[in-house]
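The values are calculated or read from the model by the stated rules, or taken from the named source; none is laboratory data. Keep in mind that this is a model prediction, so the values were computed, not measured. Methodologically, a virtual Cβ is constructed for each residue, glycine included, from the backbone with ideal geometry; neighbour enumeration extends over all protein chains shown. Accessible surface areas use protein heavy atoms only, side chains included; no ligands, DNA or RNA. Shrake-Rupley method; radii C 1.70, N 1.55, O 1.52, S 1.80 Å.
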Amino acid sequence: LPSNYLRFAVDYDGNGRADLIHSPADVLASTANLLKGSGWKAGQPYGEGTENFEAMREWNRAVVYRKTIVYFAERLSQGH
């Protein structure tokens, strides 16, 4: 949403503008900033039923989408 872009976009690559189309660094930092602003607690669990799972709701309200993110995060942390 444009309002989220204005609230959470971050210029992480230092080029003077938040570019969520061409800068992977800006995209990742902006996503982290949105999650933090939504109540994300670093180092805490993020599975279904946790506060972090609910914080992801601001990014995408679909439960199946959030479950998919959790699934892939767990797979990545296991080295798959």
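Does residue 79 meet the test of being open to solvent by 50 Å² or more (accessible area, probe 1.4 Å) and at pLDDT 95 or above? Against the criterion (open to solvent by 50 Å² or more (accessible area, probe 1.4 Å) and at pLDDT 95 or above), residue 79 does not qualify. Filtering region 3-26 to residues that are open to solvent by 70 Å² or more (accessible area, probe 1.4 Å) and among the hydrophobic types (A, V, I, L, M, F, W, C) leaves 6, 21. Only residues that are open to solvent by 40 Å² or more (accessible area, probe 1.4 Å) and assigned to a helix (DSSP H, G or I) were counted across region 32-47, and they come to 4. What about residue 25, is it small (Gly, Ala, Ser), more than 12 Å from the chain's Cα centre (by Cα) and part of a helix (DSSP H, G or I)? The answer is yes for residue 25.
Among the residues of region 51-69, none qualifies, meaning not one is open to solvent by less than 100 Å² (accessible area, probe 1.4 Å), over 17 Å from residue 10 (Cα atoms), part of a loop (DSSP other than H, G, I, E, B) and in contact (Cβ under 8 Å) with a residue 12 or more places away in the chain.
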